[in-house]
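Just so it is clear, none of the values below were taken in a lab; they were calculated from the coordinates. The shown structure was predicted, so the numbers you read here are calculated from the model rather than taken from an experiment. Counting neighbours? That spans all protein chains shown, and the Cβs are built from the backbone with ideal geometry, glycine included.
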């Protein structure tokens, strides 16, 4: 039986572009979970040289200048605490994140758009408390009707979330790539195994 042995790539063969740095606040919590607070390697190195961050962990990847050799940081923490905003910006993405990327009428996660619970044609505003994630078929079916006329009610009442609520929802959707050096900082409040 032949078994293929896969060699791990030489760290120096890895492109610096594939080495983002996780950015932590001064309290060692990520600035955001979704999208995950990441800097490209150039921004991370610049922040190190401007003395704005501490290097918490690094990759094996080394970059060179004519007079300097530096390991790329994989985790950095800000030296000054940045107070997070209490409420997130009202954006389409944040509406989807609040609603956990599910249509609030049927629960599917594909072909999402957003729906005004009270239609704009009837005086509804584009605000947190009147907009929900909806799939295109449900949005078309509801049309410009009130929920009682369409017999369609959102699964949860739309409200303005806090940043912490969006962070909690963001943890449900981890990015495709998580470096092992990030794990101790991403789920700091999860239950520890014995």
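Key figures for this structure:
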| item | result |
| --- | --- |
| Taking region 27-86 and dividing mean pair separation by its residue count, relative contact order in percent (alpha carbons under 8 Å, at least six apart) | 31 percent |
| The chain: relative contact order in percent, alpha carbon pairs under 8 Å with at least 6 residues between | 21 percent |
| For region 85-172, radius of gyration divided by Kirkwood radius, i.e. Rg to Rh on alpha-carbons | 0.96 |
| Label point at residue 28 placed 7 Å out along Cα→Cβ; residues across region 171-186 whose backbone nitrogen lies under 16 Å | 181-186 |
| Computed helical MRE - 222 nm, the chain, DSSP H runs ≥ 4 contributing -39500 (n - 2.57), nearest 500 | -5000 deg cm²/dmol |
| Most mobile listed residue (29, 52, 141) in the chain, GNM with C-alpha springs under 10 Å | 141 |
| Length-normalised contact order of region 85-172 in % [C-alpha pairs under 8 Å, at least 6 apart] | 36 percent |
| Descending Cα extents along the principal axes, region 11-83, whole Å | 38, 24, 15 |
| Candidates 123, 107, 143, ranked by Gaussian network fluctuation over the chain, Cα under 10 Å, top entry | 123 |
| Order of 60, 180 under a 10 Å beta carbon neighbour criterion, fewest first | 180, 60 |
| Label point distance in nm, residue 165-residue 86, each placed 7 Å from Cα along Cα→Cβ | 1.4 nm |
| Region 111-186-region 25-92 distance, computed between alpha-carbon centres (Å) | 30 Å |
| Full-stretch length increase - residue 71, residue 113 - with 0.36 nm per residue and alpha-carbon distance subtracted | 10.8 nm |
| Calculated mean projected area of the Cα convex hull in nm² (choose from [x] 16.1; [y] 10.8; [z] 17.9), label | [z] |
